[in-house]
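The values are calculated or read from the model by the stated rules, or taken from the named source; none is laboratory data. All of these numbers come straight from a predicted model, not from anything done at the bench. Virtual Cβ from ideal backbone geometry, glycine too; neighbours counted across all protein chains shown.
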């Protein structure tokens, strides 16, 4: 079963996306765009995951939506395994990508390599309920408190040039998760 489950990097990426956003439904082209992979490869892997009972599909109009099957006996274990294998930055990156965030970074003591219970995360974009739920799950899985600062893209562009606090923050050590800062 494990050999079948992890035989493809595309499959691992699809699993990570769906398991980190278990309440969300995605269609094939949406997944392909988020993961920057070929839609035919995504479809093939989704079909195999559906056969294994890890993913469920639903046809709405002429689109087929997929999501993680919470009823699968492997759901919790796979979710934990993927979270741990990605590490905190990887888990955050997957979550942010799945919620169409373009720019995000970790700053503060965690980014400087210090052992801390708090992670400072700056997200450029708009906040959605699935993002909030995902952040809460990551906090629980990694036993860290995530202080998330949300800045709109427009404000970020302006403040990046004029706000001394943001400029100082950008000059410090950080872990870029998505986009260019």
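The requirement of being modelled with pLDDT of 85 or more and closer than 19 Å to residue 20 by Cβ is fulfilled somewhere in segment 122-129, by at least one residue. In segment 33-43, the qualifying residues are those that are at pLDDT 90 or above and part of a helix (DSSP H, G or I), and the one that is surrounded by the most Cβ atoms within 10 Å (Cβ to Cβ) is 42. Say whether the condition of being crowded, with 16+ Cβ neighbours inside 10 Å and closer than 20 Å to residue 131 by Cα is met by at least one residue in segment 50-64. The answer is no, given that none of the residues of segment 50-64 is crowded, with 16+ Cβ neighbours inside 10 Å and closer than 20 Å to residue 131 by Cα.
State whether one or more residues within segment 105-119 are closer than 21 Å to residue 23 by Cβ and either surrounded by 17 or more Cβ atoms within 10 Å (Cβ to Cβ) or more than 17 Å from the chain's Cα centre (by Cα) (or both).
Of the residues in segment 105-119, the ones closer than 21 Å to residue 23 by Cβ are none.
Checked segment 105-119: no residue is closer than 21 Å to residue 23 by Cβ and either surrounded by 17 or more Cβ atoms within 10 Å (Cβ to Cβ) or more than 17 Å from the chain's Cα centre (by Cα) (or both).
Among all positions in segment 8-23, there is at least one residue which is surrounded by fewer than 18 Cβ atoms within 10 Å (Cβ to Cβ), in contact with a strand residue (DSSP E or B) (Cβ under 8 Å, 6 or more places away or on another chain) and in contact (Cβ under 8 Å) with a residue 60 or more places away in the chain. Scanning segment 44-97 for residues that are under 20 Å from the mean Cα position of the chain (by Cα), over 23 Å from residue 142 (Cβ atoms) and assigned to a helix (DSSP H, G or I) yields a count of 3.
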